[in-house]
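Worksheet: the structure to be examined is printed underneath.
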Amino acid sequence: MIDGADCRMGDLEGWLTPAQQALIHERDWLRMLAPRACGGAELPLPEAVHLEQAIAAQDGSIGWVVTLCAGAGWFAGFLAPERAREIMATPKVCVAGSGAPTGYADRDGDGFRVAGRWDYASGAPMATHFTLNAVLRERGQVLLDDAGRPRIRAFIVPARHVTVEATWRSIGLRASASHSYRNDAWVPADHGFTIAPEAATSHGPLYRFPFMPLAFVTLGANLLGMAQHFLALARPLLAARRHPATGLTVIELPAVAAKLAAVTQAIDTSQREFYVALDAAWAAAVAGADVDTATLQAVSLEMVEICRQAVDAIYPFCGLQAAHGDSDINRVWRDFHTATQHAMLVPAD
């Protein structure tokens, strides 16, 4: 159980409390997707997604940090095995990172000089390593793929090479400390890796699962957990507020009761469809078949949109307590709406 007072303190201070960080390491959540061969749990993906939803349903920032950093730990399945073992054996290992290719990797002897600046590294203050994507260059020239596009490669670098810049000033997920970071250092070639099933160095089904659908389902589960947390906090507020004209509590007003029932049912239905699709995709990966990426993306985005509509439908009835920056429901509301702005979750129209 995550302590509510710690959640409020983390939100106020802009970073997870020592007790929250200790809990994350005690439960070994950050290695849940790393290969067993290098000390990870290598959880089946549906089990990991259920866990991430449950954590986010208690605190959005903790859920976000665990999801993003455990997701970066999954990359150990694509590293050279000896390098993966070395990294995952780091005391209190935490891999943070960013996906945008906003730096360069210049070939330099047996390795690369990787330099640039990257944004939105959730969990940055506790990271022992950072992942990043960089455009490959040789002798100052950008290397191109067969289609004429810049070649991009992922790298992992020790935190000692990184300078974290305290740039995270969002209204929500404050305790995720999703700061920017800079790197300018030489790294051996085996710090680079390719995120694709055919490039996996660990051969379980978790590493045959494509990256994009994995990202959609793990992020979607966080939004689901936060929306459910919001509704759980909203119900007692609706039951306590009285409508001035009728004397009824807000939750007794037929229109509000119907709206609450409708959004709850919509979320429950969407959740069932989400996990049916995820279970089917996982079964395909276990069997060595193709994962239905399009379906997983569609059900994940549909579920996020249903959660967004539910939160926005109920918030206006919650009263000033929901607008008070120190209240739990306001924190959850802020966390939820900040998470919806992730580049992968922004509506197409």
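Things to note:
- Charge dipole magnitude, Cβ of K and R +1, D and E -1 - region 211-274, Cα centre, debye nearest 20: 200 debye
- Rounded Å value of the spacing that divides the Cα centres of region 283-345 and region 99-147: 30 Å
- Each of V263, V49, V286 has its accessible area taken with a 1.4 Å probe; listed largest first, they run V286, V263, V49.
- Descending Cα extents along the principal axes, region 10-117, whole Å: 48, 34, 25
- For W15, W186, W118, the ranking by accessible surface with the largest value first comes to W186, W15, W118, using a 1.4 Å probe.
- A dipole drawn for the chain from +1 and -1 charges on Cβ atoms has a positive end, and of T246, A258, A277 the residue lying farthest that way is T246.
- Highest-MSF residue in the chain out of M212, M126, M32 [GNM, Cα springs under 10 Å]: M212
- Tail fraction, Cα-Cα pairs, region 108-163, threshold 13 Å, whole percent: 66 percent
- Pairwise FRET efficiency - H243 versus H25, Cβ, R0 = 45 Å, nearest 0.05: 0.40
- Highest mean packing first, where packing is the average number of other Cβ atoms within 10 Å per residue, the peptides 139-148, 59-68, 236-245 line up as 59-68, 236-245, 139-148.
- Over all distinct Cα-Cα pairs of region 135-182, the Kirkwood formula returns a hydrodynamic radius of 13.7 Å.
- Option label - volume of the Cα convex hull per residue in Å³ computed here, alternatives (i) 175; (ii) 248; (iii) 135: (iii)
- Total charge dipole magnitude, the chain, about the Cα centre, Cβ charges on Lys, Arg, Asp, Glu only, Debye to nearest 20: 560 debye
- 0 to 90° range, to nearest 10: angle between helix 4-13 axis and the chain longest Cα axis: 60 degrees
- Helix 45-56 axis, angle to the chain major axis (alpha carbon atoms, nearest 10°): 50 degrees
- Angle between the chain longest axis and helix 60-73 axis [Cα atoms, degrees, rounded to 10]: 20 degrees
The values are calculated or read from the model by the stated rules, or taken from the named source; none is laboratory data. Worth saying up front: this structure is predicted, and the values here are computed from it rather than measured. All Cβ positions, even for glycine, are placed from backbone atoms using ideal geometry, and neighbour counts span all protein chains on display. Surface accessibility is based on the protein's heavy atoms, side chains included, excluding ligands, DNA and RNA. Shrake-Rupley method; radii C 1.70, N 1.55, O 1.52, S 1.80 Å.
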